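**Q** Quick one: structure below, then a few questions.
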Amino acid sequence: MKENREDTETLLSEQASNWPEVDTPAHRLVIRLLRLQGLMRQVANVQIRKFGLSGVEVDALATLRKMSTDEPVRPSVLSRHLLVTSGGMTRALKSLSEKGLIELMPDAEDKRGKNIRLTEKGKALSEDVIHAILESQGKLWKQSGANEKQIRKLDDALKSMLSNIEASDG
């Protein structure tokens, strides 16, 4: 995945030479994770654009798909899952509703509010776009040379680290 950017190892080498006090294993890991995340997002965005959606719209569809296809969800619940501002969520929901991918229904408990339900069209599209993203990211994993065992090992290590961090108070 060549682009107009220094490769990660060149950047880390420059950092080690020019700023050795921040050249730690943990910092190198963060840099590599951020670079991997950026590359994964880049290939995902190519697929997302093919479907005429925004990243927030796909995140909303995928989150609704994995939450429940039958039970309506409050926008505030969806927003917490996506870490999106209420304004960004409102725009995404309006667009998804106009495209017939979600249904906005009155909230029985709060007459001013609306609940969201994924339509069959939204469910099908969310599955199509996620499969396309996974396929393109799978090609990136293949390019990386990592095998299934290595990916599982990395996943287990990151799961453990994140679980500990998210469970802590500080």
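The values are calculated or read from the model by the stated rules, or taken from the named source; none is laboratory data. These numbers come from a predicted model, not from an experiment. Heads up, the Cβs are rebuilt from the backbone with ideal geometry, glycines too, and the neighbour counts pull from every protein chain shown. Surface accessibility is based on the protein's heavy atoms, side chains included, excluding ligands, DNA and RNA. Shrake-Rupley method; radii C 1.70, N 1.55, O 1.52, S 1.80 Å.
**Q** Of the residues that sit in the stretch 97-139 and are in contact with an Asp or Glu (Cβ under 6 Å, 6 or more places away or on another chain) and either assigned to a helix (DSSP H, G or I) or not charged (D, E, K, R) (or both), which one is farthest from V58 (Cα to Cα)?
**A** G113
**Q** Take the residues in the stretch 100-124 that are without any contact (Cβ under 8 Å) to a residue 24 or more places away in the chain and closer than 14 Å to L53 by Cβ; name whichever of them is least open to solvent (accessible area, probe 1.4 Å).
**A** In this case the residue turns out to be G100.
**Q** In this structure, does E127 turn out to be open to solvent by 90 Å² or more (accessible area, probe 1.4 Å) and either without any contact (Cβ under 8 Å) to a residue 24 or more places away in the chain or within 16 Å of the chain's Cα centre (by Cα) (or both)?
**A** no
**Q** With respect to the numbered conditions (1) of a type in the set (A, V, I, L, M); (2) without any contact (Cβ under 8 Å) to a residue 24 or more places away in the chain; (3) not in a helix (DSSP H, G or I), which one is the sole condition not fulfilled by L53?
**A** Tallying (1) of a type in the set (A, V, I, L, M); (2) without any contact (Cβ under 8 Å) to a residue 24 or more places away in the chain; (3) not in a helix (DSSP H, G or I), L53 fails exactly one: (2).
**Q** Of all the residues that make up the stretch 66-77, how many are over 14 Å from the mean Cα position of the chain (by Cα) and not in a loop (DSSP other than H, G, I, E, B)?
**A** Residues meeting the conditions: 5.
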